[in-house]
Amino acid sequence: MAMLDSGATHNFVADREIQKLGLTLAQHASRIKAVNSEAKPIQGAACVELRVGAWTGQCKLLAVPLDDFDVILGMDFMLLANAMVMPYLNGLFIANPGGTCFVQGTYLQDSVRSTEKKDSLMSAMQVKAGLKRGEQTYLAALIEIKPDVVQEVPDEVAELLQEFKDVFPPELPKKLPPRRAIDHAIELEPGARPPAQAPYAWPLRSWQN
């Protein structure tokens, strides 16, 4: 399984896949450091022909220990293939001069080896159980607002708007207020010395009381 990582500077291949793919590694003097771990030397580098969708090209893969993925494609691949990640389409778009293509990605659930799409819906029983456990729950609904349609509001909201009608403008401002002619400033006398006394004269007995 391969992962596309825009935060990775290079392309990596798991050391366990070297023999399976029959790769011949060349010596590489670089080291790799992951988060909260010590820097480790790279076992070697291999230049391989990589195919992603309809795109084919030569990429350099650095052999390193990987736990969850077999291959990680970083910025080296993205710049070479003119690849762009499209999260809202869950895929990768390659705009290479030799031809464009779109590669559909795989939705990862709790385990990176899972290919089933996670269900983002909750049943009424799950919400009810969360309320019984005292979990903080918010109920929201999407409402389409049209300028020519008057939308009814609950009585409580109507009473609140009526009570503070002088606060809410009839139409919300669409731009910032005009700049003041004179900006606020605290002007000091030139050469004045600060007062040699405490800023607050408060009797100690008052604090004790």
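Here are the numbers for the structure shown:
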quantity	calculated
Relative contact order computed over region 2-104 (Cα-Cα under 8 Å; 6+ residues apart), in percent	32
Estimated distance in nm for a label pair at Gln19 and Glu159, the labels positioned 7 Å out from Cα along Cα-to-Cβ	7.7
Over region 2-104 - Rg/Rh using Cα atoms and the Kirkwood inverse-distance radius	0.98
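All of the numbers you see were taken from the coordinates with simple rules; none came from a lab. Since this is a predicted model, take the numbers as computed values, not measurements. Counting neighbours? That spans all protein chains shown, and the Cβs are built from the backbone with ideal geometry, glycine included.
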